[in-house]
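S.K.: Okay, here's the structure, questions in a sec.
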Amino acid sequence: QVQLVESGGGLVQAGGSLRLSCAASGTFFSMHAMGWYRQAPGKQRELVATITSGGSTNYADSVKGRFTISRDNAKNTVYLQMNSLKPEDTAVYYCTAEARVNLFNGDRTYWGQGTQVTVSS
């Protein structure tokens, strides 16, 4: 199975920066797309950014130009560099990964436990 562990969350002032990391571990056959979701209090979960194994990226309009997603395939780790943070970025951020654990089962999505990001005005 796959375990995802996020790190790097915390409290930052508006205009500041944070870098989130998510390391995948466990037994799996292959790993494909990875990404980040977030959920703010009283709001629905939203997709922040995704990255394929080949490096293609996609961003939500609200973070485009401010956030950068990247990955290190050798380390099975995905990153989210967050710059020019705004109070509306405050949320719990979740790491996700699409992986296949063996040849007999298809891909499934795994989730991390989440890390809190708080941006003060």
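S.K.: Which of the residues belonging to the range 93-102 are of a type in the set (A, V, I, L, M) and open to solvent by 30 Å² or more (accessible area, probe 1.4 Å)?
M.R.: Once the filter is applied, which keeps residues that are of a type in the set (A, V, I, L, M) and open to solvent by 30 Å² or more (accessible area, probe 1.4 Å), the range 93-102 yields only 101.
S.K.: Restricting the range 93-121 to residues that are over 21 Å from residue 44 (Cα atoms) and in a loop (DSSP other than H, G, I, E, B), which is modelled with the highest pLDDT?
M.R.: Filtering first and then ranking leaves 121.
S.K.: Quick check on my filter: what residues within the range 30-39 are closer than 19 Å to residue 18 by Cβ and open to solvent by 20 Å² or more (accessible area, probe 1.4 Å)?
M.R.: The answer is 37, 39.
S.K.: Collect the residues in the range 15-24 that are assigned to a strand (DSSP E or B) and open to solvent by less than 60 Å² (accessible area, probe 1.4 Å), keeping them in residue-number order.
M.R.: Within the range 15-24, 18, 20, 21, 22, 23, 24 qualify.
S.K.: Does the range 81-92 contain at least one residue that is within 17 Å of residue 52 (Cα to Cα) and either open to solvent by less than 10 Å² (accessible area, probe 1.4 Å) or at pLDDT below 95 (or both)?
M.R.: No: the range 81-92 contains no residue that is within 17 Å of residue 52 (Cα to Cα) and either open to solvent by less than 10 Å² (accessible area, probe 1.4 Å) or at pLDDT below 95 (or both).
S.K.: Ok, one more. Does residue 27 meet the test of being surrounded by fewer than 19 Cβ atoms within 10 Å (Cβ to Cβ) and at pLDDT 95 or above?
M.R.: Here the answer is no, as residue 27 does not meet what is asked.
S.K.: Follow-up. Among the listed residues 63, 12, identify the single one that is buried (at least 19 other Cβ atoms within 10 Å of the Cβ) and at pLDDT 95 or above.
M.R.: Unique residue meeting the criteria: 63.
S.K.: Would you be able to say whether some residue in the range 95-107 is basic (Lys, Arg), over 13 Å from residue 36 (Cβ atoms) and touching a Phe, Trp or Tyr at 6+ places or on another chain (Cβ under 8 Å)?
M.R.: yes
S.K.: Which of (1) under 21 Å from residue 110 (Cα atoms); (2) over 11 Å from the mean Cα position of the chain (by Cα) does residue 41 not meet, given it meets every other one?
M.R.: Looking at each condition in turn, residue 41 falls short on (1).
S.K.: Follow-up question, since we're still on this one. For the structure I just gave you, tell me whether residue 48 is crowded, with 16+ Cβ neighbours inside 10 Å, more than 11 Å from the chain's Cα centre (by Cα), at pLDDT 95 or above and in a strand (DSSP E or B).
M.R.: Criteria not met by residue 48.
S.K.: Under the condition of being over 14 Å from residue 107 (Cβ atoms) and small (Gly, Ala, Ser), which residue from the range 19-38 is farthest from the chain's Cα centre (by Cα)?
M.R.: Out of the qualifying residues, it is 26.
S.K.: Additional query: Being part of a strand (DSSP E or B) and either over 30 Å from residue 106 (Cβ atoms) or of a type in the set (A, V, I, L, M, F, W, C) (or both) is the filter here; which residues of the range 1-14 pass it?
M.R.: Those that are part of a strand (DSSP E or B) and either over 30 Å from residue 106 (Cβ atoms) or of a type in the set (A, V, I, L, M, F, W, C) (or both): 2, 4, 5, 10, 11, 12, 13.
The values are calculated or read from the model by the stated rules, or taken from the named source; none is laboratory data. Because the structure is a prediction, the values reported are computed rather than measured. Because the Cβ atoms are built from the backbone with ideal geometry, glycine has one as well, and the counts that use them run over all protein chains shown. When the accessible area is computed, the model is the full protein with side chains, heavy atoms only, and any ligands, DNA or RNA have been set aside. Shrake-Rupley method; radii C 1.70, N 1.55, O 1.52, S 1.80 Å.
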